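Here's the structure, in structure tokens; my notes come after.
The values are calculated or read from the model by the stated rules, or taken from the named source; none is laboratory data. Bear in mind that the values here come from a model prediction, so they are computed numbers and not experimental data. Using ideal geometry, Cβ is built from the backbone for each residue, glycine included, and neighbour counts are taken over all protein chains shown.
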């Protein structure tokens, strides 16, 4: 959290520990205090196969490792926390509540509710230490209650990738005006394996990333290229294919704008193993990905099958348990898949019997899987689509992406404006994390789709509602 010369004491809420089990080691030189009620809540949440239960068990293991060789006196004095490697500060200590804290307790905190118990503990701790104690919680309502009775409270930010989501890497950049005229050396170009390449040397290269798209409207040339290699101020760029023409249609689908054309170029590139596509509703993320996946599975035979999964977070009230197999349980969550398959079907065939037969073929090559059963698996030569990825935590995202075996491509789709998971925000989402951390890897690429292509009604609703 906040670093500075003044040593501070932070009280951790249960949801912080279960959100990030490693948070115990991320407060630098500051002290941590864990109320007994928090340990009780960890114990109540340790059972089950959910991510929350796994995190609760992981926190408990961390605490056991820290306290394993300590006696009661050492616990009262505080258990020293390990400092990160090459750190310039001495880490703080971990304190566990071992006795009842007294102090001036407001009558506005009645009952035995866990949140009120945490607040009473903080008030008693402040009285005992005669110094300010800060609460760290992902629960906005608890932070409001804390502020109302004079307790400093803040959100947990150590897992925040960016200060502002507007700073997130977009995957493309506009070349400056008259870019080609201002190159410092003579432009080198060549043709290889059906592709046109240029070697450029200019200061702008320092701001580029591998597999980033470049475009220019200077003099109406409409150049569109992708960065293939960077060495200092020198870069090799490749002119991309134009999928906006019917001649280069993918499963009957053509790109309708520049960003969609960028997306199809990386989706069809077998050298790119990880792709993230961001965009509001109607920008074509799922349709383009499915079209590219079907082409590479059924026509090019690069991958054996398509695996599609998503987080099952309901927008409204939960409809309860669903009957059937894993795939049948996941089917209601895959409405976007079925809608886009219908579009892809109609684009290729007109007769009812042809559409029916093709739909049967396509669904046999597309497997719907639940996130709950992904841990421990390895997928070989698969095209994996992770839909609604903005609802994944960074740890869940790591669990999924590390399932990829040799010959597998992973595509993450999401809209950061539609996060439904509690305690996640645009800057802490697992999707934001992978976009930022994969942008320097030569086998990954990212595109932010900006223009909606679903319908004029959907585009207008996205803007004004």
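Do we have any residue at all in region 255-264 that's within 24 Å of residue 191 (Cβ to Cβ) and crowded, with 24+ Cβ neighbours inside 10 Å?
yes
Output yes when any residue across region 400-408 is assigned to a strand (DSSP E or B) and at pLDDT 90 or above, and no when none is.
yes
Please determine, by comparing only the residues of region 26-38 that are buried (at least 17 other Cβ atoms within 10 Å of the Cβ) and at pLDDT 90 or above, which one is nearest to residue 140 (Cα to Cα).
Out of the qualifying residues, it is 38.
Can you list the strands (runs of 3 or more DSSP E) lying wholly within region 162-202 that have 2 or more residues being in contact (Cβ under 8 Å) with a residue 24 or more places away in the chain and closer than 21 Å to residue 442 by Cα?
In region 162-202, 172-174, 195-201 are the strands (runs of 3 or more DSSP E) which contain 2 or more residues that are in contact (Cβ under 8 Å) with a residue 24 or more places away in the chain and closer than 21 Å to residue 442 by Cα.
Taking region 444-461 on its own, how many of its residues are without any contact (Cβ under 8 Å) to a residue 24 or more places away in the chain and in contact with a helix residue (DSSP H, G or I) (Cβ under 6 Å, 6 or more places away or on another chain)?
Of the residues in region 444-461, 0 are without any contact (Cβ under 8 Å) to a residue 24 or more places away in the chain and in contact with a helix residue (DSSP H, G or I) (Cβ under 6 Å, 6 or more places away or on another chain).
State whether the residues of region 221-233 include one that is under 24 Å from residue 429 (Cα atoms) and not in a loop (DSSP other than H, G, I, E, B).
Looking for residues that are under 24 Å from residue 429 (Cα atoms) and not in a loop (DSSP other than H, G, I, E, B), one finds none in region 221-233, hence no.
Conditions: (1) in contact with a helix residue (DSSP H, G or I) (Cβ under 8 Å, 6 or more places away or on another chain); (2) modelled with pLDDT of 90 or more. Residue 177 meets all but one. Number of the miss?
(2)
Specify which of the listed residues (91, 102, 117) is assigned to a helix (DSSP H, G or I), assigned by TED's automatic domain parsing to the domain that holds residue 71 and more than 27 Å from the chain's Cα centre (by Cα).
Going through 91, 102, 117 in turn, just one is assigned to a helix (DSSP H, G or I), assigned by TED's automatic domain parsing to the domain that holds residue 71 and more than 27 Å from the chain's Cα centre (by Cα): 117.
If only one of 183, 142, 214, 125 is modelled with pLDDT under 80 and not assigned by TED's automatic domain parsing to the domain that holds residue 424, which one is it?
From the options 183, 142, 214, 125, the qualifying one is 183.
I'd like the residue in region 412-428 that is crowded, with 21+ Cβ neighbours inside 10 Å and farther than 11 Å from residue 389 by Cβ and, out of all such residues, is modelled with the highest pLDDT.
If we take residues in region 412-428 being crowded, with 21+ Cβ neighbours inside 10 Å and farther than 11 Å from residue 389 by Cβ, then 428 is modelled with the highest pLDDT.
Filter region 231-246 down to the residues that are more than 25 Å from residue 342 (Cβ to Cβ) and out of contact with any strand residue (DSSP E or B) (no Cβ under 8 Å at 6 or more places or on another chain), then identify the one that is surrounded by the fewest Cβ atoms within 10 Å (Cβ to Cβ).
232
Tell me yes or no: at least one residue of region 263-274 is within 27 Å of residue 400 (Cα to Cα), assigned by TED's automatic domain parsing to the domain that holds residue 405 and part of a strand (DSSP E or B).
So far as region 263-274 goes, yes, one or more of its residues are within 27 Å of residue 400 (Cα to Cα), assigned by TED's automatic domain parsing to the domain that holds residue 405 and part of a strand (DSSP E or B).
Looking at (1) crowded, with 20+ Cβ neighbours inside 10 Å; (2) touching a strand residue (DSSP E or B) at 6+ places or on another chain (Cβ under 9 Å), can you tell me which one residue 56 breaks?
Among (1) crowded, with 20+ Cβ neighbours inside 10 Å; (2) touching a strand residue (DSSP E or B) at 6+ places or on another chain (Cβ under 9 Å), the lone unmet condition for residue 56 is (2).
How many residues, within region 245-282, are modelled with pLDDT under 90 and within 22 Å of the chain's Cα centre (by Cα)?
Adding up the residues that qualify gives 3.
Hey, any hits in region 279-292 for a residue that's without any contact (Cβ under 8 Å) to a residue 40 or more places away in the chain and under 22 Å from residue 339 (Cα atoms)?
Yes, because at least one residue in region 279-292 is without any contact (Cβ under 8 Å) to a residue 40 or more places away in the chain and under 22 Å from residue 339 (Cα atoms).
Note down all Cβ pairs under 6 Å where the first residue falls in region 22-40 and is closer than 16 Å to residue 58 by Cα, the second is surrounded by fewer than 18 Cβ atoms within 10 Å (Cβ to Cβ), and they're at least six residues apart or on different chains.
These pairs meet every condition: 24/62; 26/158.
Report, by residue number, each residue of region 288-331 that is in contact with a strand residue (DSSP E or B) (Cβ under 9 Å, 6 or more places away or on another chain), part of a loop (DSSP other than H, G, I, E, B) and at pLDDT below 90.
Within region 288-331, 311 is the sole residue that qualifies.
Scanning region 370-394 for residues that are part of a loop (DSSP other than H, G, I, E, B), under 19 Å from the mean Cα position of the chain (by Cα) and at pLDDT 75 or above, which turns out nearest to residue 304 (Cα to Cα)? Full working, then the answer.
Taking region 370-394 first, the residues part of a loop (DSSP other than H, G, I, E, B) are 370, 374-378, 380-381, 388, 392-393.
Add one more test, that the residue is under 19 Å from the mean Cα position of the chain (by Cα), and what stays is 370, 374-375, 388, 392-393.
Applying the additional criterion that residues be at pLDDT 75 or above yields 388, 392-393.
Working: 388: 23, 392: 26, 393: 28 Å.
The selected residue is 388.
Among residues belonging to region 142-159 that are part of a loop (DSSP other than H, G, I, E, B) and touching a helix residue (DSSP H, G or I) at 6+ places or on another chain (Cβ under 9 Å), point out the one that is nearest to residue 259 (Cα to Cα).
By that ranking, first place goes to 159.
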